[in-house]
Amino acid sequence: MRLLLSAMLFTGLAGQAPSQITNRPQLSEARGLADFDLDGNGGWKVTGPVLVLEKAGVPGGAIRRPAAIAVLKSDPVGDFTFTVEMRSTAPVDLEVRDVLLIFGYQSPTRFYYVHLAAKTDAVHNGIFVVDNADRRRLDPQTSTGRLTDQAWHRLRLERRLSTGSIAVYFDDDPAPVLSVTDMTILAGRVGVGSFDETGEYRSFELKGAAAKDAIAALRSAATFLR
């Protein structure tokens with residue numbers, strides 16, 4: 001059954017694959033922040049080919065959520081693979097230092113985020129959803145914190161609507177460091193950020209299926225399989 005659903009999502013409603021989106025922003029000081037929509041009160045700039053969160057955001061407002069987000073200017077995606085290199089510039093001895101991967105971004109109060117830190121507890125180093133309420137953890141607190149230095153690390157985030165899977169890969173580790181199955185938000189935009197620290201980001205690449213096509217195929221497949 002799962003293979004059938006996956007095949008239907010791949011071929012779409014009329015036997016055609018969903019429209020594909022590829023986004024590889026070429027960051028430069030001349031372009032500045034033109035490739036991003038900013039959310040929160042952090043301070044951002046572009047230095048050479050690097051997006052820099054130089055001033056940490058301060059969480060506030062009606063719900064508990066990250067305070068500094070930069071969302072790629074792109075059409076929303078359903079299935080996708082998002083890769084980026086990032087590093088924390090917060091003090092190494094701070095276990096709660098963090099960098100974030102943002103996805104499913106629909107509004108400032110509705111999106112997913114991957115929180116990478118040096119420690120794991122209820123609110124650090126995990127996969128979370130902000131759904132018009134305080135952020136909520138989705139995965140179990142069993143992962144090991146990997147963000148223990150200020151070095152560059154390559155992150156890959158994969159989302160598949162046919163199964164609801166969300167998987168995060170760190171550097172060359174073939175196994176996901178964080179994973180969960182969830183369908184709270186079906187599609188949205190992707191980005192990076194930090195909950196309340198500083199960091200740097202480069203080498204962005206997004207490959208995904210256009211949200212409208214992916215969701216239409218998902219609903220069509222669900223109706224067919226009833």
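Read the figures in this text as sums done on the coordinates, not as results from a lab. Values in this document were obtained by computation on a predicted structure and should not be read as measured data. Using ideal geometry, Cβ is built from the backbone for each residue, glycine included, and neighbour counts are taken over all protein chains shown.
General observations
- In plain terms, the residue of Arg24, Arg146 with the fewest other Cβ atoms within 10 Å comes first and the most crowded comes last, giving Arg24, Arg146.
- FRET efficiency, Thr47 to Asp171 (Cβ-Cβ, R0 25 Å, nearest 0.05): 0.60
- For the chain: lysine pairs under 29 Å (alpha-carbon distance), excluding those fewer than 8 apart on one chain: 8
- If the segment from Leu94 to Glu205 were pulled out straight at 0.36 nm per residue, it would be longer than the present Cα-Cα gap by 37.1 nm.
- Maximal additional length on extending the Lys119-Thr163 stretch stands at 13.0 nm, based on 0.36 nm per residue less the C-alpha distance.
- Charge dipole (Cα centre; +1 on Lys/Arg Cβ, -1 on Asp/Glu Cβ; no other charges) of the chain amounts to roughly 700 debye.
- Length released on extending from Ala133 to Trp152, taking residue separation times 0.36 nm less the Cα-Cα span: 3.6 nm
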